[in-house]
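Comments concern the structure below.
The values are calculated or read from the model by the stated rules, or taken from the named source; none is laboratory data. Remember, predicted model here, so these are calculated numbers, not experimental data. Backbone-built Cβ (ideal geometry, glycine too); neighbour counts: all protein chains shown.
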Ligand code: TYD
Ligand code: ZN
């Protein structure tokens, strides 16, 4: 569905960038499903009134999230990151084994497990049935549903309020932001804390990482737009920090405004020239990467990692299986299937043992250190690793 008004404030949307038509990123088709795959327009806009960066084509969340091939547990650095987030929150806010935690967008339950290890009760909300089923099997109570005010009322009847509500890399995936926040507000105890982590728009723009743009990211937050959203729902950010996760994220802790604590200072705003530079650089980078691939014709090139962002990247660059022979990825759901749109086959990581490859295109560039370690132990050497954004080529001998 095409929209022309901001989902947060109803302001008018201005077009920033049109990338073309793209498929759903987290459903990997099998051979027979490829023919039925659909594509939808991907256009980044900004709200003239509140500044929220967002898409103007809203793909029904049911089409995106109900069968979801992304799993948090398969990426070790992500598990560690969530472990640190839990420890940080426990320490900062003196959470104890009588505290109650709600994780909205709990995926396969990694953060729930981190709290369980500390004997703190954690409840999840996860609309993807395959992901919620995994965490239910681990023994967690997970509401298999989209979080909204209606579900919040049900959760409130079952549990009352929560001491900590975690929304990590989920807020971008919410269509009705105000209804969502009303639900959060209802479930946050009087002295409760809300922790939100989102990809940083400022960092996405400054590093030209347009591959974060895909249909399930309906919104792209800066510190300012996130503060506006929270302020509208009478929540105050008391702590905020940028971190380098997923190429640059923003983590904030917020409390009810009525608590009257000192607000955190801003982490900086995105300005119009950031968008301008971003748009012009993307085109330049596209040409440079396409030229690089043309110059490597005849070499065996494969991809490492089939993250959602690689769907945007490879489809934008029009790279197909004649240029990237296959991709390896640690997610069981993705293996034996094809990368959406580009239709490149996806295999387990061990597949790299079997063939002599010349180049590896590092598609999950955010896990560079972990993946380079794996490449060193898995791959027949020598091999060269191409980093998509710096276009740096690392030679492994
Ligand atoms: P990720 O960057 O977490 O997210 P997104 O899909 O939002 O862009 O996805 C990383 C992908 O890379 C995921 O499919 C798992 C895969 N992966 C590996 O194959 N091996 C690894 O060592 C790691 C860390 C990730
Ligand atoms: Zn707006």
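Restricted to the stretch 163-255, the set of helices (runs of 4 or more DSSP H) holding at least 2 residues that are touching a helix residue (DSSP H, G or I) at 6+ places or on another chain (Cβ under 6 Å) and either modelled with pLDDT of 95 or more or within 30 Å of residue 63 (Cβ to Cβ) (or both) comprises 177-187, 201-206.
Of 380, 374, 368, all but one fail to be in contact (Cβ under 8 Å) with a residue 24 or more places away in the chain and outside any loop (DSSP other than H, G, I, E, B); the exception is 374. For the stretch 312-345, a residue qualifies if it is closer than 18 Å to residue 72 by Cβ and either touching a strand residue (DSSP E or B) at 6+ places or on another chain (Cβ under 8 Å) or within 16 Å of ligand 2 (Cβ to nearest atom) (or both), and the qualifying residues are 329, 334, 335.
When the residues of the stretch 348-366 are narrowed to those that are within 26 Å of residue 130 (Cβ to Cβ) and more than 10 Å from ligand 1 (Cβ to nearest atom), which ends up surrounded by the fewest Cβ atoms within 10 Å (Cβ to Cβ)? That would be 350. Is it the case that residue 6 is modelled with pLDDT of 95 or more and buried (at least 20 other Cβ atoms within 10 Å of the Cβ)? Here the answer is yes, as residue 6 does meet what is asked. Picking from residues in the stretch 28-53 that are in contact with a helix residue (DSSP H, G or I) (Cβ under 8 Å, 6 or more places away or on another chain) and more than 17 Å from residue 276 (Cβ to Cβ), the one that is nearest to ligand 1 (Cβ to nearest atom) is 42.
Might you let me know whether the stretch 69-77 holds any residue that is away from ligand 1 (no atom under 16 Å from the Cβ) and either modelled with pLDDT under 95 or under 19 Å from residue 200 (Cα atoms) (or both)? No: the stretch 69-77 contains no residue that is away from ligand 1 (no atom under 16 Å from the Cβ) and either modelled with pLDDT under 95 or under 19 Å from residue 200 (Cα atoms) (or both). Could you list, in sequence order, the residues of the stretch 320-347 that are surrounded by fewer than 22 Cβ atoms within 10 Å (Cβ to Cβ) and not in a loop (DSSP other than H, G, I, E, B)? 345, 347 - these are the residues of the stretch 320-347 that are surrounded by fewer than 22 Cβ atoms within 10 Å (Cβ to Cβ) and not in a loop (DSSP other than H, G, I, E, B). Within the stretch 50-63, residues that are farther than 19 Å from residue 210 by Cα have Cβ atoms under 8 Å from residues that are within 16 Å of ligand 1 (Cβ to nearest atom) and part of a helix (DSSP H, G or I) in these pairs: 61/173, counting only partners at least 6 apart in sequence or on another chain.
Filtered by the rule that a residue be without any contact (Cβ under 8 Å) to a residue 60 or more places away in the chain and buried (at least 17 other Cβ atoms within 10 Å of the Cβ), the stretch 281-306 gives 293, 302.
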